[in-house]
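Worksheet for the structure shown next.
The values are calculated or read from the model by the stated rules, or taken from the named source; none is laboratory data. Source: prediction; values computed, not measured. As a convention, Cβ positions derive from the backbone with ideal geometry for all residues, glycine included, and neighbour counts pool all protein chains shown. Side chains included, ligands, DNA and RNA excluded: accessible areas come from the protein's heavy atoms. Shrake-Rupley method; radii C 1.70, N 1.55, O 1.52, S 1.80 Å.
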Amino acid sequence: MKIIVPMAGRGSRLRPHSLTVPKPLIPIAGKPIVHRLVSDIAKVLGEPIDEIAFVLGDPAFFGDEVVSSLTELAESLGAKASIYRQDQPLGTGHAIMCAKDSLSGPAVIAYADTLIRADFNLDKDADAAIWVKQVDQPEAYGVVKLNDKNEIVELVEKPAEFVSDLAVIGIYYFKDVAVLKEELQYVLDNNIIHGGEYQINDGIKGMMRKGRRFVTGKVDEWMDCGNKNVTIETNGRMLGFLLADNEKLVADSAQIINSEIIPPCYIGENVIIKNSTVGPHVSIGDDSRLENVTLKNSLIQTNTTVKNANLEEAMIGNHAKFDGKFTKISIGDYSTLEA
């Protein structure tokens with residue numbers, strides 16, 4: 001089994017945090033988004049992972065440190081890491097085809113901007129599966145249309161009239177991903193473009209026209225990391241799951257001095273918390289320091305100092321300093337706000 005991870009986008013909706021760190025590498029509950037996604041997929045697949053192919057963007061942004069981190073991730077799962085580049089933002093189908101040398105055999109394709117909780121019970125008789133989540137406002141999503149056998153017969157983007165309430169979440173399984181590769185090559189060769197981009201949906205529709213059988217996979221939880229507010233919400237939900245799974249969330253090296261920690265919270269290595277109340281639903285990255293702070297429903301990255309603050313729904317980047325009275329803040333890396 002292979003996992004293909006297109007992750008070349010710059011994550012503009014999550015700025016300023018994605019200006020210096022690629023969005024898929026921003027930590028959620030102490031672990032980068034893409035690390036959580038790939039590890040969770042590998043865990044629930046129940047099959048050995050031979051290769052994980054990552055499609056990255058500009059080397060000036062997705063540099064050696066990113067490649068090293070992703071290689072380490074793949075090797076930790078017993079897989080080979082393959083690194084590809086998408087030099088232009090030409091869509092989901094184009095991104096997948098940048099990894100065409102890895103497109104053979106059974107594979108999961110997963111876009112690295114969401115997190116999930118799911119059981120992957122693959123239908124071995126199906127040619128492909130598309131994971132979906134029931135949503136309240138299907139007109140805001142791409143959805144699947146099913147026949148009376150619960151097979152997918154159509155993909156509809158943001159339907160004006162009700163088609164179904166099963167939204168596509170960006171995770172796919174192909175019994176032989178080479179079939180998708182063939183259809184996407186046709187899309188590229190014939191310049192089939194929607195919204196100025198080459199889309200994976202056009203490759204999937206080509207497979208459907210040739211009688212390939214698609215079924216749905218359903219997730220228990222689908223958590224977005226698209227912007228600051230939903231990323232903070234996702235951080236809180238993930239912390240709740242990790243607490244229920246009895247995962248260790250507070251590092252032994254953390255110093256909690258005259259402070260209260262209200263779980264669930266992730267507290268990284270060498271964190272110092274003094275005269276503060278932290279939690280619930282807070283993540284604090286390694287080597288950060290909090291003093292005289294009340295903090296809840298927030299995400300603080302590494303090497304950051306926060307003092308004299310009452311914060312809620314805050315997101316603060318790496319190597320930042322904050323000393324002030326604001327609450328719902330969003331501060332990027334290396335920022336300083338002091339009186």
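Straight-line cross-link partners of residue 296 among the lysines, defined as a Cα under 26 Å from its Cα and at least 8 positions apart when in the same chain: 23, 31, 228, 248, 274, 307, 321, 325, 328.
In this structure the chain gives 45 Å² per residue of accessible area when probed at 1.4 Å with all protein chains present. In terms of its Cα atoms, the range 38-138 spans 39, 35, 24 Å along the principal axes, sorted from long to short.
Projecting the Cα atoms of 305, 270, 254 onto the charge dipole of the range 238-310, computed from C-beta unit charges around the Cα centre, puts 305 farthest toward the positive end. The count of lysine pairs in the range 72-196 that are at least 8 places apart or cross chains, and whose C-alpha atoms lie under 20 Å apart, stands at 12.
Under 14 Å from the Cβ of residue 268, count the other residues' Cβ atoms, weight Lys and Arg +1, Asp and Glu -1, and hand me the total. Net of charged neighbours comes to -2. Can you check what the net charge comes to around residue 134, using other residues whose Cβ is under 10 Å from the Cβ of residue 134 (Lys, Arg +1; Asp, Glu -1)? Counting the neighbours of residue 134, the net charge comes to 0.
Arrange the peptides 255-262, 103-110, 157-164 so that the one whose residues have, on average, the most other Cβ atoms within 10 Å appears first.
On the way: 255-262: 13.2, 103-110: 21.1, 157-164: 11.6.
Highest-to-lowest ranking by the protection proxy: 103-110, 255-262, 157-164.
3J(HN,Hα) couplings calculated from phi for the range 308-320 with the Karplus curve 6.51 cos²θ - 1.76 cosθ + 1.60 (θ = phi - 60°) are, in sequence order, 6, 9, 10, 10, 9, 6, 9, 9, 10, x, 7, 6, 9 Hz; Gly and Pro show x.
The residues neighbouring residue 100, those whose beta-carbon lies less than 15 Å from its own, together hold a net charge of -4 under the Lys/Arg +1, Asp/Glu -1 convention.
Taking trypsin sites (Lys or Arg not before Pro) across the range 178-229, the ones in a DSSP loop with at most 14 further Cβ atoms lying within 10 angstrom of their Cβ are 210.
With all protein chains in place and a 1.4 Å probe, the accessible surface of the chain carries 45 percent carbon and sulfur.
Quick check on the range 208-287: take the gyration tensor over C-alpha atoms, sort the square-rooted eigenvalues as a ≥ b ≥ c, and tell me if it's rounded (a/c under 1.5), prolate or oblate. Before the final figure, lay out the partial values.
Details: a/c = 3.39, a/b = 2.92, b/c = 1.16.
Taking the square roots of the gyration eigenvalues as a ≥ b ≥ c, the range 208-287 is prolate.
Figure the gain on full extension for residue 246 and residue 294 (residue separation times 0.36 nm, minus the Cα-Cα span) and round it to one decimal in nm. Before the final figure, lay out each step's value.
Numbers: separation 48, 0.36 × 48 = 17.28 nm, distance 2.53 nm.
Net length gain for the segment: 14.7 nm.
Extents of the range 243-334, largest first, come to 33, 24, 20 Å (Cα atoms, principal axes, whole angstrom).
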